[in-house]
Amino acid sequence: MTRTILSAVNISKSFQQPDKSKLEVLQDLSLDVAEGTVIAVTGASGSGKSTLLHLLGALDAPDRGEILFDGESILGFKGKKRAAYRNRSIGFVFQFHYLMPELTVLENVSFPALIKNFNKEDAYERAGKLLKDVDLGDRKDNMPFHLSGGERQRVAIARSLINSPRLLFADEPTGNLDWKTGQKVFGVFRELIKERNLTAVLVTHNEQLADLVDSKYHLHEGKLS
Ligand SMILES: Nc1ncnc2c1ncn2[C@@H]1O[C@H](COP(=O)(O)OP(=O)(O)OP(=O)(O)O)[C@@H](O)[C@H]1O
Ligand SMILES: [Mg+2]
C-alpha cells in the first residue's frame, strides 16, 4: 500500500479585505498525497491555488484544520524544526521565479545549500550537475537577466532540488512560457521528479499538462474535487 506523505485535513483560510470583510479562499479542504506521486491542482485565477501551496509549504498557516507531513503536524513545527522543514524536506518553485539578480546562475542554484551551511565547493558541484540536468550546464556563469524566461524557470527548478527535498511544490512552473517551451520545461521537471522518486504538488492552469501527472484535482469554491 502506498504511504501518505502529506495531508491537509479540513483546512480553511480566509483573508481580511481592506473593508474588513472576509474573503473565504479555502473551506474545509482535505487532500492526501501518496509518497512518490505527482499531483496537479488546476483552477481559475484567484481560486486559491497559490494559497494552498503556501499552506502546505509552511509559508503561511490555515485558520482552521491540520497539515501533516509524515504524520506530524507542520503547524506545530517551530523555530529550527520549521526552518528544517522548509529548507530540507521541501523544495519550492514559485509562480515568479525570484532568482537573485546580483548572483550568477550557479550561485542562485547553490544558495539554499549555502544557507544550510553546506560546503561551498560541494554546493557548487551539485548545482553544476543540476544545471546540466536542466540543460543549462553551459550557462552557469551568466546573470539571470541574460537568460530567457524558460531558462530562468529551469534555473528555479534546479534550485528547488539542491537540498534533495522529499516534497516539491511548484506554482505554475511553466506559467509564463509559450506552449512549446512550457512543454519542454514541464518534461524536464517531470523527469527530474520521477528519477528522484519525489512527491510533487504542481499548480497549473494548463489542463493538458495536468493530464500528464498521476492525479489531478480542481480547486473551486474553496474545495478540491
Ligand atoms: N495576503 C492576502 N491578502 C488578501 N487577499 C489575498 C492574499 N493572498 C491571496 N489573496 C486573495 O485570495 C485569493 C486566492 O489567491 P491565490 O493567489 O491563492 O489564487 P491563485 O489560484 O493562485 O490565482 P492565480 O492563478 O491567479 O495565481 C485571491 O482572490 C487573492 O486576491
Ligand atoms: Mg497563483
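Here are the numbers for this structure:
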{"read-out": "Listed pairs Lys81/Lys184; Lys13/Lys80; Lys140/Lys194 exceeding 30 Å between Cα atoms", "value": "Lys81/Lys184"}
{"read-out": "Under the span-like rule (Cα at least 15 Å along the axis, Kyte-Doolittle mean at least -0.5), DSSP H helices of the chain", "value": "105-115, 179-195"}
{"read-out": "Environment charge of Glu35, counting only residues whose C-beta is closer than 15 Å and scoring Lys/Arg +1, Asp/Glu -1", "value": "0"}
{"read-out": "Cα-only radius of gyration and Dmax that characterise segment 11-78, units Å", "value": "13.0, 43"}
{"read-out": "Partners for Lys120 among aspartates and glutamates (Cα-Cα distance below 17 Å; same-chain residues under 8 apart left out)", "value": "Glu107, Asp141"}
{"read-out": "Accessible area of the chain belonging to carbon and sulfur atoms, whole % at 1.4 Å probe", "value": "50"}
{"read-out": "Sorted peptide list for 17-27, 124-134, criterion being average Cβ within 10 angstrom, highest first", "value": "124-134, 17-27"}
{"read-out": "Probe 1.4 Å, accessible area per residue of the chain, Å²", "value": "50"}
{"read-out": "Rg/Rh for segment 44-177, where both radii come from Cα atoms and Rh is the Kirkwood radius", "value": "0.99"}
{"read-out": "Amide N proximity, segment 83-98 versus Ser164 label position 7 Å along Cα-to-Cβ, cut-off under 20 Å", "value": "83-93"}
{"read-out": "Around Leu147: net Lys/Arg minus Asp/Glu count, Cβ-Cβ under 10 Å", "value": "+2"}
{"read-out": "Dimensions in Å of the chain - Rg and Dmax from alpha carbons", "value": "17.4, 52"}
{"read-out": "Value of [θ]222 nm, deg cm²/dmol, for the chain, DSSP H segments ≥ 4, -39500 (n - 2.57) each, nearest 500", "value": "-9500 deg cm²/dmol"}
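The values are calculated or read from the model by the stated rules, or taken from the named source; none is laboratory data. Source: prediction; values computed, not measured. Because the Cβ atoms are built from the backbone with ideal geometry, glycine has one as well, and the counts that use them run over all protein chains shown. For the accessible areas, the whole protein counts, side chains as well, though only heavy atoms, and no ligand, DNA or RNA atoms are used. Shrake-Rupley method; radii C 1.70, N 1.55, O 1.52, S 1.80 Å.
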